[in-house]
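Only one structure is covered here, and it is reproduced in the block below.
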Amino acid sequence: MKMEREVLAKPAVAPLEVARLRQDFPILGERINGRRLVYLDNAATTQKPQSVIDTIASYYRHDNANVHRGVHALSQRATDAYEAARANVMRFVNARAPEEVVFTRGTTDAINLVAQSFARPQLREGDEVLVSAMEHHSNIVPWQLVCQQTGAALRVAPIDDAGDLIVDAYAALLGPRTKLVAVTHVSNALGSIVPLARVVALARAAGIPVLVDGAQAIAHMPVDVQALDCDFYAFSGHKILGPTGIGILYGKASRLEAMPPYQGGGDMIRSVTFERTVYNDLPYKFEAGTPNIAGAIGLGAALDYMRGVGVEAIDAHERALLADATARLAAIPGLRIIGTARDKAGIVSFTLEGVHAHDVGTILDHEGIAIRAGHHCAMPVMAQFGVAGTARASFALYNTHDEIDALVAGVERVRRMFR
């Protein structure tokens, strides 16, 4: 692992001008219970820069029309903006062509598309789908459903007590019955970064396709789907400064071409009679009905913003915040950090002795500090660590070390209240 991280090391990047960047996010000026908002719930959803808000508003003010279906000027402008957003996504993740970028409602929708359109037609009784023990429910339940429908079995690669994937155990589970690996890039509950290069390479050597849940990685580190060599990569717009209700499924063209449509309706067809339907080309074959046009255009604006700031600089900034928060929270008596993987993204989950996680979150909210409390849609992870839930602080490019000060001081107050 050490050697892999040294190979992947990047040159030093200039620090972010966070004070200036914060001015781009109007919601950060909100006051909660009379206090300045400290927003540390970015793993749930990120805030939106003014440029994204303005782009969405401009579409509705000036270009609102349906795409792909009209010859009038508004429809053509909307279509141009919508397809420009697709090309933007292609560049951002380094897909080979726009046809490999499918717009979905989010990560969950994208994973379900692959489960039903790619996995279900080929799974048979005795086949296996392999996931990891740190998955979000959205990368567990779709595979449970498709296994129930086909007689296949769900296998689980274990994690250790730090929250690292046990790669040797994962490799041992790969076999002739394994028809798909579905694994997260970053754990939403622990912050653990999966060593995807090794995970994908091991599956590829066995001829097994790989889907990556990239919801928690896309805004925090560079993603190159060609370098990863994964078959599918899914993420959500709202995790990367964009709007809700829009997501992306990247798929290798050869995989997508071989898959039947996930849903039927308008825009995914070339011709329809009562006898037969001829389906549209990629990626439209998987985009039935009127899409979230404003969402796609807003996502494109969010990617422009991310590119302007620099993903490498964002990664470095968030790692510094994580190191600061981890060290200071760990020093609080009775506080236990859940998830101490060797390589982590900007997420720190913790419990406080004698205090329910929801009480931690509620009391911090009175201080204007927004964190997440609960099982984080990762109940198997909570079970492994023997907790019902955790308090979770998660960072983004606009967070500051002053906000870490506020978080630590708030948690100290909670501890004293329950002492």
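The values are calculated or read from the model by the stated rules, or taken from the named source; none is laboratory data. On a predicted model such as this, the values are computed, not experimentally measured, just so you know. Cβ sites come from the backbone with ideal geometry, for glycine too, and all protein chains shown count toward neighbours.
Inspect segment 149-158 for any residue being touching a Lys or Arg at 6+ places or on another chain (Cβ under 8 Å), part of a helix (DSSP H, G or I) and surrounded by 16 or more Cβ atoms within 10 Å (Cβ to Cβ) and give the result as yes or no. Taking every residue of segment 149-158 in turn, at least one turns out to be touching a Lys or Arg at 6+ places or on another chain (Cβ under 8 Å), part of a helix (DSSP H, G or I) and surrounded by 16 or more Cβ atoms within 10 Å (Cβ to Cβ).
Apart from one condition, Ala84 fits all of (1) of a type in the set (A, V, I, L, M); (2) assigned to a helix (DSSP H, G or I); (3) not assigned by TED's automatic domain parsing to the domain that holds Lys239; the exception is (3). Among the residues of segment 241-261, the ones that are outside any loop (DSSP other than H, G, I, E, B) and either free of Cβ contacts under 8 Å to residues at least 40 places away in the same chain or over 14 Å from Phe103 (Cα atoms) (or both) come to 5 in all.
This table checks each residue for (1) at pLDDT 95 or above; (2) assigned by TED's automatic domain parsing to the domain that holds Arg328; (3) touching a strand residue (DSSP E or B) at 6+ places or on another chain (Cβ under 7 Å); (4) not in a helix (DSSP H, G or I).
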site	(1), (2), (3), (4)
Ala383	yes, yes, no, no
Ala393	yes, yes, yes, yes
Ala396	yes, yes, no, yes
Ile404	yes, yes, no, no
Glu412	yes, yes, no, no
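Among the candidates Arg270, Arg319, Arg336, Arg342, single out the residue that is assigned to a helix (DSSP H, G or I) and either in contact with a Gly (Cβ under 6 Å, 6 or more places away or on another chain) or among the charged types (D, E, K, R) (or both). Exactly one of Arg270, Arg319, Arg336, Arg342 is assigned to a helix (DSSP H, G or I) and either in contact with a Gly (Cβ under 6 Å, 6 or more places away or on another chain) or among the charged types (D, E, K, R) (or both), namely Arg319.
Residue-by-condition table, conditions (1) out of contact with any helix residue (DSSP H, G or I) (no Cβ under 8 Å at 6 or more places or on another chain); (2) in the same structural domain as Phe395 (by TED's automatic domain parsing); (3) without any contact (Cβ under 8 Å) to a residue 60 or more places away in the chain:
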position: Glu135; (1), (2), (3): no, no, no
position: Val146; (1), (2), (3): no, no, yes
position: Ala169; (1), (2), (3): yes, no, yes
position: Ala189; (1), (2), (3): no, no, no
position: Asp213; (1), (2), (3): no, no, no
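Of everything in segment 93-118 that is in contact with a Lys or Arg (Cβ under 7 Å, 6 or more places away or on another chain) and part of a helix (DSSP H, G or I), the residue that is surrounded by the fewest Cβ atoms within 10 Å (Cβ to Cβ) is Pro98. From (1) of a type in the set (Phe, Trp, Tyr); (2) surrounded by fewer than 18 Cβ atoms within 10 Å (Cβ to Cβ); (3) touching a residue at least 24 places away in the same chain (Cβ under 8 Å), pick out the condition that doesn't hold for Phe274. Among (1) of a type in the set (Phe, Trp, Tyr); (2) surrounded by fewer than 18 Cβ atoms within 10 Å (Cβ to Cβ); (3) touching a residue at least 24 places away in the same chain (Cβ under 8 Å), Phe274 violates only (3).
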